[in-house]
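Below: one structure, written as structure tokens.
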Amino acid sequence: MPDFKKLKVWEKSHEVAVATHKLAKGMRPQLYSPLQNQLVRASASVPTNIAEGSRQASRRDFARFLRYALNSNTELEYEFILARDIEAIPSAAANELLNSIEQVRKMLYGLLRRVTTSLPSSRRTQ
């Protein structure tokens, strides 16, 4: 499997995680602590799953971790929508990160498609 640091999707998801951490620091913890924690955790989960999956012994296992990353990315997307809509973070910052999250999702789907097309057809859906 590839070195995760060479994957463009890992780079982009890492950028999102760093930006999320910086933005979450500015949230008022007395009001938004649970949301702040969820944003940070979900944002770190995406590149973490990519990294962990890239070290798996098989393409099938790598694909499973890419699906985990997609799930975390979807969670992160919702949390940014919520944070924006309750005005816990500025709309412009949220929208910029939502665009990046969408890019990561597309990149994950592309990588997942490449990884799974090389699997025997009977094992793709497992």
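The values are calculated or read from the model by the stated rules, or taken from the named source; none is laboratory data. What you see is a predicted model, and the numbers here were worked out from it, not measured in a lab. Methodologically, a virtual Cβ is constructed for each residue, glycine included, from the backbone with ideal geometry; neighbour enumeration extends over all protein chains shown. For accessibility, only protein heavy atoms count, side chains too; no ligands or nucleic acids. Shrake-Rupley method; radii C 1.70, N 1.55, O 1.52, S 1.80 Å.
Scanning segment 11-23 finds no residues that are touching an Asp or Glu at 6+ places or on another chain (Cβ under 9 Å), at pLDDT 95 or above, open to solvent by 70 Å² or more (accessible area, probe 1.4 Å) and farther than 18 Å from PRO90 by Cα. Candidates ALA69, ALA92, ALA83, ALA63: the one that is small (Gly, Ala, Ser), in contact with a helix residue (DSSP H, G or I) (Cβ under 8 Å, 6 or more places away or on another chain), over 19 Å from PHE4 (Cα atoms) and at pLDDT 95 or above is ALA83. If you check GLN30, GLN103, which single one turns out to be modelled with pLDDT of 95 or more, open to solvent by 70 Å² or more (accessible area, probe 1.4 Å) and not basic (Lys, Arg)? Only one candidate qualifies: GLN103. Within segment 1-22, one or more residues are in contact (Cβ under 8 Å) with a residue 40 or more places away in the chain, in contact with a Lys or Arg (Cβ under 8 Å, 6 or more places away or on another chain) and not in a helix (DSSP H, G or I).
Selection within segment 52-90: residues that are of a type in the set (Val, Ile, Thr) and surrounded by fewer than 22 Cβ atoms within 10 Å (Cβ to Cβ). The member of this set that is farthest from PRO34 (Cα to Cα) is THR74.
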